Amino acid sequence: MLISKMAAEGGGKEMNEIKTQFTTREGVYKLLTHSEYSRPNRVPFNAQGSIPVKVSFVNVNDQSGNGDRICFNVGRELYFYIYKGVRKAADLSKPIEKRIYKGTQPTCHDFNHLTATAESVSLLVGFSGGQLQLIDPIKKETSKLFNEERLIDKSRVTCVKWVPGSESLFLVSHASGNMYLYNMEHASGTAAPHYQLLKQGESYSVHTCKSKSTRNPLLKWTVGEGALNEFAFSPDGKFLACVSQDGFLRVFNFDAVELHGTMKSYFGGLLCVCWSPDGKYIVAGGEDDLVTVWSFLDCRVIARGHGHKSWVSVVAFDHYTTSVEESEPLDFSGSDEDFQEQLVNSGRDRANSTHSRLSKRNSTESRPVSVTYRFGSVGQDTQLCLWDLTEDILFPHLPLSRTRTHTNVMNAASPPAVSASGTTTTSTTTTTSTTAANGSTNMAPGANSISATLPRSNSLPHPAATNNANKSGGVVDVAVATGGGKFATLSLHERKERHHEKDHKRNHSMGHISSKSNDKLNVLTKNKADAAKTLGTPLCPRMEDVPLLEPLICKKIAHERLTVLIFLEDCLVTACQEGFICTWARPGKVVSSF
């Protein structure tokens, strides 16, 4: 319907073949079979209905040149190894730590990069029963348990992350649709917590824990309807992107506890989300089989990508292939460790200076010569897709600096749209206008010198009040005892727990896309808006109203559904539900010992 799936796969007899290498414009990526991590006995298991395999990395800077550590969960087991990547074959017989759990299964985990050393690391682990565990796999200690009696939330932990720039605060989401902010230094109560309302808006509310002494959780967020599947902090740590089973991406100002903007999937739930390295774009994927690119500056969809034949389970930006050619060096071109160092050095107020730099560069009307964002996705169709987001999509009204290769703009016949300046324009596949109205005053979190806001001509008219109608006029500031962030305490009535609808049924192909979707938007006033009313609006533009991306590559790389995609400096890492964690060497990075 949208692209040739045969062509994307390689066509013909190769369609069902498992690929061990693939070629992009920068060269050949090769699977290193000797660097595969898995259960030591390497026995596949029936993965149907099981908890997804997840992988976390940390670098402990042990001066040996081999400071990477890897943690992954398979079934009821949790493993912690030295990660040798492209340098040396994996030794599965010597895990640093291995844990087997009874009665519950690990579902997700995250290292605290700020506090990691060669002698000690802090690893948070979430479980299917709702519990949380803080462990040190180097010292082989269990430091603390949170929600041990399941008094805070009884549903599965879907995502856990340390708050950027903090040594003690962490955020946890659950299948209940709730998120909780914890401080590892504080204890949890012996009874179910009582809450008081802090702030509420369209389809979200935030409560503080009501108690005489400070205790966990510090905050309770209720977001959307159904499970909250994943969240991600912006590069500067100031904004939070959440994707839910109700099909909505919601982006919040984390400290101010305010909704910045929203986006709706074509149908079904959204399962994964990630930020571009400069914080200007968000990519989400889910049950509509699409990857959707959303502009943080304009709060609107700027492109969709179709290459998967089933649900998209992970999206991730490749910080090492993303590039911008301009007069000044970029701040986001470094490694993940560089990002962590920036967080340590600049603290939680680091966004102010970044915004000042952006404003200064905008005032000179500087514009990049060439920009390419590389991101990838993996899905339940066992396929890996790589995508290039280039300036012909980001700046469609500029003269193209090179021939369009992997982009198919499907809006040649789209109706006229009203630009920010009020001028009626018509979109075409070969736009040559050299100017675009800039009507946005929002700044991207951690934004750098990619300065132009996106013209609105690839979308339907964009009412200014659509995404900002529920923002409050001021910021509420009351310090949490830890000093990690600013949150308020208001004495208001408690809010009853909501009942959640059943998860969206699985759909496999684009043929199911219809304006008669039954997905619903839950508003606190209990007004229900049918998804058909959002289709064709800025919240969810129709397929023909935004550019369509074609994958740079689309390869079947596993027998079971894929659950992990992580970009490292010399390789990329994937994992499938069989529990095999695979290393793909970047072009020219294969070590001769392999």
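For this structure, a couple of remarks:
- Net charge of neighbours whose Cβ lies under 13 Å from the Cβ of Glu119, counting Lys and Arg as +1 and Asp and Glu as -1: 0
- Surface analysis of the stretch 189-265 yields an accessible area of 23 Å² per residue, using protein heavy atoms and a 1.4 Å probe.
- Given charges at beta-carbon only (K, R positive; D, E negative), |dipole| of the stretch 84-206 in Debye: 520 debye
- Loop-located trypsin sites (Lys or Arg not before Pro) in the stretch 76-117 (DSSP state other than H, G, I, E, B) with a sparse environment of at most 12 neighbouring Cβ atoms within 10 Å: Lys102.
- Gyration tensor verdict on the stretch 126-196 (Cα atoms; rounded if a/c is under 1.5, prolate if a/b is larger than b/c, oblate otherwise): rounded
- For the cross-link pairs Lys144/Lys212; Lys54/Lys210; Lys94/Lys589; Lys144/Lys264; Lys84/Lys556, the ones whose C-alpha atoms lie over 29 Å apart are Lys54/Lys210; Lys144/Lys264.
- Top positive-direction residue, dipole computed over the stretch 150-273 with Cβ charges, set Val163, His207, Ile152: Ile152
- Pairwise centroid distance, computed over Cα atoms, of the stretch 233-270 with the stretch 564-594, Å: 29 Å
- Loop-located chymotrypsin sites (Phe, Trp or Tyr not before Pro) in the stretch 227-259 (DSSP state not H, G, I, E or B) with no more than 11 neighbouring Cβ atoms inside 10 Å do not occur.
- Among the GluC sites (Glu not before Pro) in the stretch 20-93, those located in a DSSP loop and surrounded by at most 16 other Cβ atoms within 10 Å of their own Cβ are Glu26.
- Fraction of accessible area attributable to carbon and sulfur, the stretch 41-149 (%, probe 1.4 Å): 46 percent
The values are calculated or read from the model by the stated rules, or taken from the named source; none is laboratory data. Here the structure is a predicted model, which is why all the values come from computation and not from measurement. Cβ sites come from the backbone with ideal geometry, for glycine too, and all protein chains shown count toward neighbours. When the accessible area is computed, the model is the full protein with side chains, heavy atoms only, and any ligands, DNA or RNA have been set aside. Shrake-Rupley method; radii C 1.70, N 1.55, O 1.52, S 1.80 Å.
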